[in-house]
């Protein structure tokens with residue numbers, strides 16, 4: 001089990017986050033929440049990473065707010081300062097984990113997947129990214145500017161992060177000179193969240209194993 005910590009943002013202010021540690025000599029991953037907030041489910045993902053040998057830090061992008069209601073989650077996501085989340089909260093988490101001298105990757109689900117791609121385009125010090133069913137708007141991040149390896153996991157039956165959005169993201173990254181490794185699943189949005197009605201254990205387990213293999217090569 002991990003615990004809540006405070007870490008510094010580039011602007012000098014503090015951000016809270018959930019840290020699950022595997023050891024000082026281990027590679028690291030920043031884990032980004034879905035639109036629900038920093039809840040028990042996403043903290044469990046950090047714990048799972050720690051058991052797999054990664055130091056995992058999840059910045060609390062909603063500053064303590066958590067919900068189980070889709071309307072409220074949409075309201076909180078819509079009100080999020082995505083530039084600040086990327087350039088301050090996530091950048092601070094990357095720097096905090098990099099202090100032990102090991103490489104740092106970023107991954108996330110849904111909103112966190114979109115922010116993973118944004119951070120890869122905007123934040124220094126990231127060695128790789130693994131977005132799950134999330135792509136940011138072009139005004140937040142240009143995928144062509146990403147210069148690190150990316151492995152994406154997307155659902156074919158997704159009306160939020162649509163297959164066309166995934167195709168456009170893949171094409172944009174290729175246009176910038178780096179082809180992402182894209183995996184598409186015959187599943188619904190949030191297929192990797194074990195508390196979601198859309199959870200697909202087969203697809204979720206396959207995505208997790210693919211991700212660990214990718215991280216093992218890049219971190």
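Observations on the structure shown:
- Of all residues making up the stretch 120-156, the number that are over 21 Å from residue 188 (Cα atoms), outside any loop (DSSP other than H, G, I, E, B) and touching a residue at least 40 places away in the same chain (Cβ under 8 Å): 1
- Residues of the stretch 163-189 satisfying the condition of being without any contact (Cβ under 8 Å) to a residue 60 or more places away in the chain, part of a loop (DSSP other than H, G, I, E, B) and either surrounded by fewer than 14 Cβ atoms within 10 Å (Cβ to Cβ) or under 18 Å from the mean Cα position of the chain (by Cα) (or both): 177, 179, 180
- The stretch 190-212, residues that are loosely packed, with under 15 Cβ neighbours inside 10 Å and farther than 18 Å from residue 46 by Cα: 197, 201, 202
- So residue 38, is it at pLDDT 95 or above, under 14 Å from the mean Cα position of the chain (by Cα) and closer than 26 Å to residue 101 by Cβ: no
- Residue in the stretch 33-43 that is under 22 Å from residue 77 (Cβ atoms), part of a loop (DSSP other than H, G, I, E, B) and out of contact with any helix residue (DSSP H, G or I) (no Cβ under 9 Å at 6 or more places or on another chain) present: yes
The values are calculated or read from the model by the stated rules, or taken from the named source; none is laboratory data. If you're wondering where the values come from, they're calculated on a predicted model, not measured in any experiment. FYI the Cβ positions are ideal-geometry reconstructions off the backbone, even for glycines, and counts take in every protein chain you see.
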